[in-house]
Every structure is written in structure tokens, then in C-alpha cells.
1. Restricting everything to alpha-carbon atoms, can you work out Rg to Rh for the stretch 85-187 with a Kirkwood hydrodynamic radius?
2. Which of ILE135, ILE254, ILE265 moves most in a GNM of the chain, Cα contacts under 10 Å?
3. Any idea what the dipole of the chain comes to, in debye rounded to 20, about its Cα centre with Lys/Arg Cβ at +1 and Asp/Glu Cβ at -1?
4. Using DSSP to define loop residues, name the trypsin sites (Lys or Arg not before Pro) in the stretch 262-301 whose beta-carbon has at most 13 other beta-carbon atoms within 10 Å.
5. Straight-line reach from LYS264: which lysines fall under 25 Å, measuring Cα to Cα and dropping same-chain residues less than 8 apart?
6. Where both residues lie in the chain, what percent of DSSP beta bridges are antiparallel, nearest 5?
7. Please name whichever of LEU110, ILE282, THR205 sits farthest to the positive end of the charge dipole of the chain, dipole taken about the Cα centre and charges placed at Cβ: Lys and Arg +1, Asp and Glu -1.
8. With angles folded into 0 to 90 degrees, how steeply does helix 178-214 sit against the dominant principal axis of the chain? Use alpha carbons for both and round to 10.
Amino acid sequence: MPAGGPDVIRMFELQNRRLQQITGDALQDLSQHKPVWVDYIAPTDEELALASKVFGIKLPSPEDTTDIESSARFFEGEYGELHIRSDFLLDTESESRNVGVAFVIFDDVLFSIHDQDLPVFRLLRRRARQQPGYIEDSMDVLLDLYATDAEYSADRLEDVYADLAAISRQVLDTKLSDERAGEMLSEIAQTEDVNGRIRRNVMDTRRALSFLMRKKLLNDLQFEEARQILRDIESLTGHTAFLFDKINFLMDAIVGFININQNKIVKIFSVASVALLPPTLIASIYGMNFRHFPELDWSFGYPFSLLVMLFSVAVPFWVFRRRGWLK
């Protein structure tokens, strides 16, 4: 390629009803091949400018994918091209975020511009290479990206549910420590973040599909596929709401356990304070500096006072234990 490279710009065409990547020099290949999908990954300004020369279309940069207004995310350009901005989920062990992707459909070619290669894109490429008839045109590529993204989001929701189920089992453990409870709150916060990203992702996909259906750019089969994706998204939206409820319940339960543990500590200190009041009172009485004390000259006065103190401590503890206040 004159700019970029195979890791930056990927071009695909249909060969034997399978999606195949165009290799070699891009300018020379275009004279012999008809791409249906051109995928840009973190392109430079020079690489995007090359598209204007090769394809006759001005492509947006990855920075232009963050607008949230509908007028900035779904519109027709000055050359009759269709612009769509969509979010795709990226959830790995190292990071979880929504990646903005700019789509442009022009002259039966789908252009996609994003700053990072996504699992959904890799999965679609593998399926389209292996399954004949999986892709028929550029619009099929776009719809299948949305369908694969909904499938990917569903898989991640299952992982979120599994994580919450594991936390639920630990919440039922009566020996839950405050330290472990704090760790579980952090884990729940992470699952809530992933669940929120999935919800935002599928809602954005719903908006994009609704735009395509309103524009009447889909044939009958594609229109039915879009309706099926919307039904899948509807079920995912309901599942995310269920997970939000479960997350809130677990957070309340864990905070409740922490409060119970703290209340036990406070109760112990309260019992100890009450139990030590009588011996404190006795010691205060015998610590008075009056000249005449009946026990002042008594040889057993000191051990007697100690025994009275011990007795005054033992009696409250015995009463508290009988009433179950020490449990």
C-alpha cells in the first residue's frame, strides 16, 4: 500500500460468495477488484486523505465518532454518502470500554473507521470467510456487524451474571469479613460498569438500525434481519435492567452485612462500658480523701474492695449473657 499497511487499511471483496481480503498494492488492486468493505484501524490524516483520491469520498477521523446528537451520528453527506456513528463494546481482562466507529456507505462500499481492532470485527471476518453467502453486499456487512455485536454483548452479559452469581454465594456466607465485603463491593462496581456499557452499546445499535429502516435502504431480507436484531436488543435491554436490580440488591446486602459487623463491635464496646461502670464507681468511692472510712483500718479492706469490683463486673456480664446480648 502507498500509505498505512495491511494492519491499518483492510479491503475486502466477495469471491465465491465469501468475504476475502484484498492483498497487494491497494491502488493496483482496485483496478481489478471491487471492494465491498474498507476497514481503517487508527488511520493517519494522510491515510484518510488517500481515500479521497482513490474512492472519491472524504472520510471522517476516529475523533469524529464521539458526538451523541442524532444529527451528528446519522446523516447523508454532500456526495450522497450515508454517515453512521456507532459504539461497539470492547471488554477484555485489561480494559472495558465503548469504542466509537464511523461508518460511511458510498457507491456500494462500506467504510469503517475506528481507533482499535474489535472482537466483533474479527469474528465477522472469520465467519464471512468460512460461510458462503454470509455476506452479499456492503449493507449486509453493516447489519452483520450489528448482529455480531448484539451476540457479543449477550455473551458478556452471561459473564456478568456468572460473576454476580459467584458473589451471591459468598454473600450468603455467615463468616463474611469486612475486608472481603469491601473487595466484593469493588467487584460489583466493575460488573455494574460493564453492564452499563453493554446497555449503552445496544441502545446505540437500536438507534442506528432504526435510522436505516426509516431511510428505506434495506431490501426485504435485510429489513427482516434488522427487525430480528431489534428483537434481540430488546431482550438484552430487559436483561441489563434485571442485572441492575441484582447489582443493587447485592450492594445493599453487602453494606448491610458490613453494618451488622460494625454493630457487633459497637455492642461489645457498649457492654464493656456498662460492665465497667460499677467497679469504677467503687474505686471512686474508695479513692475519696475523707478522714474517716469504716474500712480504712481494716486489714481485709483492700482485697474486699477488689472482690466487690470483680463481683460488680461479673453480675452485668451474667445478665447480658442470659439475655443474649453478647452473641
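1. For the stretch 85-187, the value is 1.17.
2. Per the Cα network of the chain with a 10 Å cutoff, ILE265 tops the list.
3. Once rounded to the nearest 20, the dipole reads 2060 debye.
4. Taking the stretch 262-301 and a limit of 13 other Cβ atoms within 10 Å, the loop trypsin sites (Lys or Arg not before Pro) found are ARG291.
5. Leaving aside lysines fewer than 8 places away in the same chain, those within reach of LYS264 are LYS175, LYS327.
6. 85 percent
7. Highest projection toward the positive end goes to ILE282.
8. 30 degrees
Quick note: the coordinates plus some simple rules give every number you see, no bench work behind them. The structure displayed is predicted, hence computed values, not measured ones. Counting neighbours? That spans all protein chains shown, and the Cβs are built from the backbone with ideal geometry, glycine included.
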